[in-house]
1. Calculate the dipole size of the chain relative to its Cα centre from +1 charges on Lys and Arg beta carbons and -1 charges on Asp and Glu beta carbons; express the result in debye to the nearest 20.
2. Rounded to the nearest 500, what is the 222 nm mean residue ellipticity of the chain from helices alone, with -39500 (n - 2.57) per DSSP H run of 4+ residues and division by all residues?
3. Which angle from 0 to 90°, rounded to the nearest 10, does the C-alpha axis of helix 20-29 make with the longest principal axis of the chain?
4. Expressed in nm to one decimal, what extension gain is obtained for the pair residue 65 and residue 49 from 0.36 nm per residue of sequence separation less their Cα-Cα distance?
5. On a 0 to 90° scale, report how tilted helix 48-60 is relative to the longest principal axis of the chain, with both axes built from alpha carbons and the result rounded to the nearest 10.
6. Between (i) 108; (ii) 136; (iii) 122, which entry matches volume of the Cα convex hull per residue in Å³ as derived from the coordinates of this structure?
7. Quickly rank 36-48, 65-77 as a protection proxy: mean count of other C-beta atoms within 10 Å, highest first.
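Quick note: the coordinates plus some simple rules give every number you see, no bench work behind them. None of these values were measured; they are calculated from a predicted model. Every residue, glycine as well, gets a Cβ built from its backbone with ideal geometry; the counts of neighbours run over all protein chains shown.
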Amino acid sequence: MSAEPEPHPRFALDPVIHAPVRLSIMAVLGTTERIDFRFLARRLEVSDSLLSKHLLTLENAGYVRVTKSSLGKRLRTWIELEPAGSEAFAEYRRALDQLVR
């Protein structure tokens, strides 16, 4: 009897991360402790509403934490990578590496 073939690596790509904007968010967050919402929107060249939509998906998956704080009279929104998000992104990168090999 022959062994079952390994599943194709594309099946290991996390669909929550796989969308281009969410992948970009995760890549930026993987290089910093936390990031300001406005800076991230400018960095990724997306509208505030589009960034908010994708952050909500990542937050609901437990991959990021979004917090608000006051700086004087200005409200700032911060995004941080959660441990589950860090692990999911590492798994995603491993799957992508296998896929391109």
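1. That gives a dipole near 660 debye.
2. After summing the helix terms and dividing by the residues of the chain, the value is -15500 deg cm²/dmol.
3. Compared with the principal axis, the helix lies near 70 degrees.
4. Stretched out fully, the residue 65 to residue 49 stretch lengthens by 4.0 nm.
5. 60 degrees
6. (i)
7. 36-48, 65-77
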